[in-house]
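Q: Got a structure for you, written out below as structure tokens; questions coming shortly.
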Protein chains: 2
Amino acid sequence: MTTTIKRRDTGVNLFHALSDVTRLEIMERLKDGELCVCDLTEALKTGQSRLSFHLKVLKDAGLITDRPEGRWTYYALNHEALKELEAVVQALQGSRRGVGSSSRCR
Amino acid sequence: MTTTIKRRDTGVNLFHALSDVTRLEIMERLKDGELCVCDLTEALKTGQSRLSFHLKVLKDAGLITDRPEGRWTYYALNHEALKELEAVVQALQGSRRGVGSSSRCR
DNA sequence: ATGAGCAATCAACATTCGTTGATCAGTAGA
DNA sequence: TCTACTGATCAACGAATGTTGATTGCTCAT
């Protein structure tokens with residue numbers, strides 16, 4: 001089914017974006033509200049370039065949004081994407097019906 | 001906090017294991033019950049070696065379990081891990097309190 | 001206009017990840 | 001025992017990812 005494939009694709013994208021310690025930590029920091037890159041640089045004690053890279057990955061996956069203001073850029077969680085992620089995970093848990101229904105390989 | 005760090009690590013592991021189309025498809029196939037590798041090889045129309053590789057990744061992440069029987073090995077979802085995954089995702093959605101509480105970068 | 005600060009982008013490099021084909025170990029059946 | 005089959009593992013290769021330092025573009029303050 002097309003929707004299944006589409007969900008699989010968005011699932012892969014979301015999971016990949018979250019499959020990195022730095023990016024997960026960014027997400028955690030953003031739980032309390034939006035932060036600019038300089039906040040995050042200080043909080044994570046890491047280089048600006050590296051941070052920018054990971055922010056881009058998260059943004060491309062739709063997990064965060066950016067809001068440029070003056071010379072700063074504020075990043076925030078995108079709760080829509082997180083709801084979508086939750087849906088993907090729940091779809092994975094699935095029906096849980098009938099256990100042990102293998103075809104037994106011939 | 002230690003539990004936070006631990007959750008972040010298991011989160012990274014789980015997310016990484018699911019960040020691949022083939023592995024997600026394996027998970028979906030296993031929703032209906034356990035399958036042996038030959039079932040999956042046929043279902044996904046792919047090589048045995050490749051499949052074995054991805055099954056190992058999923059197993060190492062704790063997302064699936066294996067049950068050798070005779071010359072076949074049956075794989076099944078580990079619902080414990082899926083519950084853990086759900087918890088990680090929900091922790092990510094977090095408090096959702098106070099928006100716009102940035103430190104404003106000076 | 002000039003200088004300073006924030007953040008994105010780039011190139012270069014190292015590391016990790018996924019694929020493929022071959023080999024190996026264990027099991028079932030003749 | 002000999003053979004056929006399932007599935008794990010390995011080596012080799014190519015592709016994708018992450019890191020670092022430098023550069024560039026903007027914006028604000030002087």
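The values are calculated or read from the model by the stated rules, or taken from the named source; none is laboratory data. Note that the structure is a prediction, hence the values are computed from the model and not measured. Glycine gets a Cβ as well: all are built from the backbone with ideal geometry, and neighbour counts include every protein chain shown.
Q: Among the listed residues B:Thr46, B:Thr10, B:Thr41, identify the single one that is more than 8 Å from every other protein chain (Cβ to nearest Cβ) and either closer than 23 Å to A:Lys83 by Cα or of a type in the set (A, V, I, L, M) (or both).
A: Details: B:Thr46 fails: either closer than 23 Å to A:Lys83 by Cα or of a type in the set (A, V, I, L, M) (or both); B:Thr41 fails: either closer than 23 Å to A:Lys83 by Cα or of a type in the set (A, V, I, L, M) (or both).
The unique qualifying residue is B:Thr10.
Q: Related question: All but one of (1) within 8 Å of DNA strand D (Cβ to nearest atom); (2) touching a helix residue (DSSP H, G or I) at 6+ places or on another chain (Cβ under 6 Å) hold for B:Ile64; which doesn't?
A: That leaves (1) as the condition not met.
Q: Another question, then. What single numbered condition from (1) in a helix (DSSP H, G or I); (2) more than 12 Å from DNA strand C (Cβ to nearest atom); (3) aliphatic (A, V, I, L, M) fails to hold for B:Val57?
A: Unmet condition: (2).
Q: Would you confirm whether any residue within the range B:29-37 is within 17 Å of A:Leu18 (Cα to Cα), surrounded by 13 or more Cβ atoms within 10 Å (Cβ to Cβ) and free of Cβ contacts under 8 Å to residues at least 12 places away in the same chain?
A: no
Q: Of all the residues that make up the range A:70-84, how many are within 16 Å of DNA strand D (Cβ to nearest atom) and either within 13 Å of the chain's Cα centre (by Cα) or surrounded by 13 or more Cβ atoms within 10 Å (Cβ to Cβ) (or both)?
A: So the answer is 4.
Q: Something else: Do we find that A:Leu24 is closer than 27 Å to B:Ile64 by Cβ, modelled with pLDDT of 95 or more and more than 13 Å from DNA strand C (Cβ to nearest atom) in this structure?
A: Yes: the conditions hold for A:Leu24.
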